[in-house]
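Structure first, commentary second.
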Amino acid sequence: GAARAGRGEVPMRRAVDWREVERELEELPEDFKDQGAFDSLPHVVEILRTLDPSQALGELRDRQQRVEALVDDIVKGYHGGFNKSIHNYSEILRLFTEAQTQGKSIRTSLLALKKQLGTRTTQLRGHWQRSNALRHTLNILDDIEKVAHVPNKVDALFGIAEPPRGGGAQGRD
């Protein structure tokens, strides 16, 4: 309607009266309808042979004006729709192309993230393995420390005092 025409749409001049179009097409002589083989000479000769050539020419011009008005109605009636369809198609194509571009960008980003995660996973696995190795090493060192204290514990149980170590006052002679 008129409210929508303000948003860039072409308003229809009037609705196409298809009965009027059919009636006008039926009244046209068949040789006027054949676009590829139309010969104007017989029609010119016929108009010149009539008693009143100006009246025959006037009738032909009236028919021309009626047909042109119908063609204008059809073109104007559907021009806005065609334009809108073309615009919508262009917009869909633009959005589709944009979605493809975004899809490619997302795919590239995901591949980069996958590589980073792979690198991080390798690094984390290495840290975990080193952590396990260090934990086992600490356990072994704890066990060695416990074993190193066993002789002192045995001596303590039997009451054997450990001789002082180092450079004390007693020297060997």
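The values are calculated or read from the model by the stated rules, or taken from the named source; none is laboratory data. This one's a predicted model, so the numbers in the text were calculated from it and none came from an experiment. Glycine gets a Cβ as well: all are built from the backbone with ideal geometry, and neighbour counts include every protein chain shown. Surface accessibility is based on the protein's heavy atoms, side chains included, excluding ligands, DNA and RNA. Shrake-Rupley method; radii C 1.70, N 1.55, O 1.52, S 1.80 Å.
If I filter the stretch 26-41 down to residues being open to solvent by 70 Å² or more (accessible area, probe 1.4 Å) and part of a helix (DSSP H, G or I), which single residue comes out as farthest from L70 (Cα to Cα)?
L41
Counting only residues that are under 27 Å from V16 (Cα atoms) and among the basic types (K, R), how many does the stretch 76-105 have?
Counting residues in the stretch 76-105 that are under 27 Å from V16 (Cα atoms) and among the basic types (K, R) gives 2.
Counting only residues that are open to solvent by less than 80 Å² (accessible area, probe 1.4 Å) and more than 29 Å from R19 (Cα to Cα), how many does the stretch 48-69 have?
3
Look at L95 and say whether it is in a loop (DSSP other than H, G, I, E, B) and either surrounded by fewer than 10 Cβ atoms within 10 Å (Cβ to Cβ) or out of contact with any Lys or Arg (no Cβ under 8 Å at 6 or more places or on another chain) (or both).
no
If K76 satisfies all but one of (1) charged (D, E, K, R); (2) in contact (Cβ under 8 Å) with a residue 12 or more places away in the chain; (3) open to solvent by less than 90 Å² (accessible area, probe 1.4 Å), what's the number of the condition it fails?
K76 satisfies all of (1) charged (D, E, K, R); (2) in contact (Cβ under 8 Å) with a residue 12 or more places away in the chain; (3) open to solvent by less than 90 Å² (accessible area, probe 1.4 Å) except (3).
Find all pairs meeting these conditions: Cβ atoms under 8 angstrom apart; at least six residues apart or on different chains; first residue within the stretch 54-71 and in contact (Cβ under 8 Å) with a residue 40 or more places away in the chain; second residue open to solvent by less than 50 Å² (accessible area, probe 1.4 Å) and part of a helix (DSSP H, G or I).
If the second residue must be open to solvent by less than 50 Å² (accessible area, probe 1.4 Å) and part of a helix (DSSP H, G or I), the pairs left are R66/E24; V67/E24; L70/V21; L70/E24.
Among residues belonging to the stretch 1-25 that are at pLDDT below 75 and out of contact with any helix residue (DSSP H, G or I) (no Cβ under 8 Å at 6 or more places or on another chain), point out the one that is surrounded by the most Cβ atoms within 10 Å (Cβ to Cβ).
Only one residue tops the list, namely A5.
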